[in-house]
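One structure is given below, encoded as structure tokens.
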Amino acid sequence: MNPMDTLRQNPARAMIEAGREVLGRPAYLLLAAATAIIVLAATLWLPNYRLIGAVFTTPGVALGIKLQLLASLVGGLASNFGAVAAVSTAVIPILFGVDVAMLVYFARQRRARLARGEIAASLGGAASGAIAAGCAACGSFLLLPILSFLGAAGALALLPLGGAELGLVSIALLLLSIYLIARKIATPPVCALPPAPATHQPTTRNTP
Amino acid sequence: MSRKHESENPRGWCARDDLWSPVFIIAAAMLALAMPAWAQEEMAGIVEPVSARDHLRGARAAPVKLIEFGDTECPLCKRFHPTLKRIVDEYPGKVAWVFRHFPIVEIHPKAPKEAEATECAAELGGETVFWTYLDRLYEITPSNDRLDPAELPRIAQHVGLARAPFEQCLKSGRHAARIAADVVDALAAGAPGTPYSVIVAPNGKTYEVVGNQPYETLRLVIDIALKQK
């Protein structure tokens, strides 16, 4: 079956197949994993970078204690977020890692420019994910300043999940970006043939 | 396939250097999004020293002070409250917990009045009643601005205060200035939200903790702070 037909009939299957094609290569798997780990670590550590800096510059603190601090801050995933936000905080870095690996794979393999759609969806997913992850403290980081700037801070109170909806939006945008790039990867790297001109079908005749 | 043909490819071909542009764009966007956090460092100052006006749980002479800036309608502060109780219980005479108000009015419009209610409890019942009122408030509030204001005098009665003087105090708004002063202190200290805690070591070194961080994180930082003579 033509890969494009597969994509049209079952986008999820095509995304998985494109993901396998990319992540089956160790370099891209490493890129996806490294990106995911960096994004997750940034999500959990960035709000407390001043604490990390203060502890790491305190004389006489053993390296083991410093590493314990970093590990303990990962526990903030459970203590700082509700169920929906915690799941999206964990899922967004993974999707972003896969997305980046697929974007790089496509760009390098095909040496082609990416369309604005893929980049916009990827950026939107990353941006909304970063904003959503900002709620390690109430009103902190990005969400409140942005909403205050837009004059919509009060709208947060109206959201049933208190802002965790942004994480779901981020997941949706990253999935859209992955879908768009999977579609590109599934397209055979050939110059498309022009549509065949209409021709008269030869009639088959039983010849004696 | 000739280069001419490639350049005519409707998808478009590009120089190898351009291939990384999506990654650079994404990285730049993420950095730009993180800028407000770094920008706040410029605003960070020194938290007001602990004084007699502060509400303090634990020994006043404790070598380590943990100053919490809290919002009574913040769900993370509600979950952080038992962690701090546990810290004070497990470090008797070593850690004192100071509570300062940081109601985030943009998302919790009811929080400033609740902060005033805790101050009325302190005025009418003293330091111990302030803390029992605050404990009870955090215990019953559903958070995110969903506490019925009618509960405030009921909490006062629950902690042993007379309803009428409490209501009169709350109506007067005489503690609003103190709440505003605490907010100014929080902003000057660089608090990005609530809960925001500053752990002050005996030698004056400070450790800022943003959010409802686990007990293990606080324990590690307090142990480090206790050694800073």
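The values are calculated or read from the model by the stated rules, or taken from the named source; none is laboratory data. Note that the coordinates shown come from a computational prediction; the quantities given were computed from them, not determined experimentally. For neighbour counting, all protein chains shown are included, and Cβ atoms are generated from backbone atoms with ideal geometry for every residue, glycine included. What goes into the accessible areas is simple: the full protein's heavy atoms, side chains included, and nothing from ligands, DNA or RNA. Shrake-Rupley method; radii C 1.70, N 1.55, O 1.52, S 1.80 Å.
Can you find a residue in the range B:120-132 that is at pLDDT 95 or above and either within 15 Å of the chain's Cα centre (by Cα) or within 14 Å of chain A (Cβ to nearest Cβ) (or both)? Within the range B:120-132 (the criterion being at pLDDT 95 or above and either within 15 Å of the chain's Cα centre (by Cα) or within 14 Å of chain A (Cβ to nearest Cβ) (or both)), the answer is no, since none of the residues qualifies. B:VAL105 meets each of the listed conditions (1) at pLDDT 95 or above; (2) among the hydrophobic types (A, V, I, L, M, F, W, C); (3) open to solvent by 50 Å² or more (accessible area, probe 1.4 Å) apart from (1). When restricted to residues that are within 13 Å of another protein chain (Cβ to nearest Cβ) and surrounded by fewer than 17 Cβ atoms within 10 Å (Cβ to Cβ), the range B:165-199 contains 1.
For the range B:67-106, a residue qualifies if it is under 10 Å from the mean Cα position of the chain (by Cα), of a type in the set (D, E, K, R) and at the interface with chain A (Cβ under 9 Å from one of its Cβ atoms), and exactly one does: B:ASP71. A Cβ distance below 8 Å, combined with a sequence gap of six or more or placement on separate chains, defines the contacts here; from the range A:63-91, residues that are of a type in the set (D, E, K, R) reach residues that are buried (at least 17 other Cβ atoms within 10 Å of the Cβ) and part of a helix (DSSP H, G or I) in the pairs A:LYS66/A:VAL55. For B:PRO202, the conditions (1) away from chain A (no Cβ under 14 Å); (2) open to solvent by 10 Å² or more (accessible area, probe 1.4 Å); (3) touching a strand residue (DSSP E or B) at 6+ places or on another chain (Cβ under 8 Å) all hold with the exception of (1).
Restricting attention to the range B:61-83, and to residues there that are within 18 Å of B:ASP223 (Cα to Cα) and without any contact (Cβ under 8 Å) to a residue 60 or more places away in the chain, which single residue is most open to solvent (accessible area, probe 1.4 Å)?
Filtering the range B:61-83 for residues that are within 18 Å of B:ASP223 (Cα to Cα) and without any contact (Cβ under 8 Å) to a residue 60 or more places away in the chain, the one most open to solvent (accessible area, probe 1.4 Å) comes out as B:ALA61.
A single entry from B:GLU119, B:GLU68, B:GLU139 fulfils the requirement of being of a type in the set (Asp, Glu) and out of contact with any Cys (no Cβ under 9 Å at 6 or more places or on another chain): B:GLU139. On the given criteria, is B:ALA225 open to solvent by less than 30 Å² (accessible area, probe 1.4 Å) and under 22 Å from the mean Cα position of the chain (by Cα)? Answer is yes for this residue.
The one condition from (1) within 14 Å of chain A (Cβ to nearest Cβ); (2) in contact with a Pro (Cβ under 9 Å, 6 or more places away or on another chain); (3) within 20 Å of B:LYS110 (Cβ to Cβ) that B:ALA225 does not meet is (3). Scan the range A:40-55 and tell me whether some residue there is within 18 Å of A:ILE181 (Cβ to Cβ) and within 16 Å of the chain's Cα centre (by Cα). No - not one qualifying residue is present in the range A:40-55. Scanning the range A:52-81 for residues that are out of contact with any helix residue (DSSP H, G or I) (no Cβ under 7 Å at 6 or more places or on another chain) and open to solvent by less than 20 Å² (accessible area, probe 1.4 Å) yields a total of 1.
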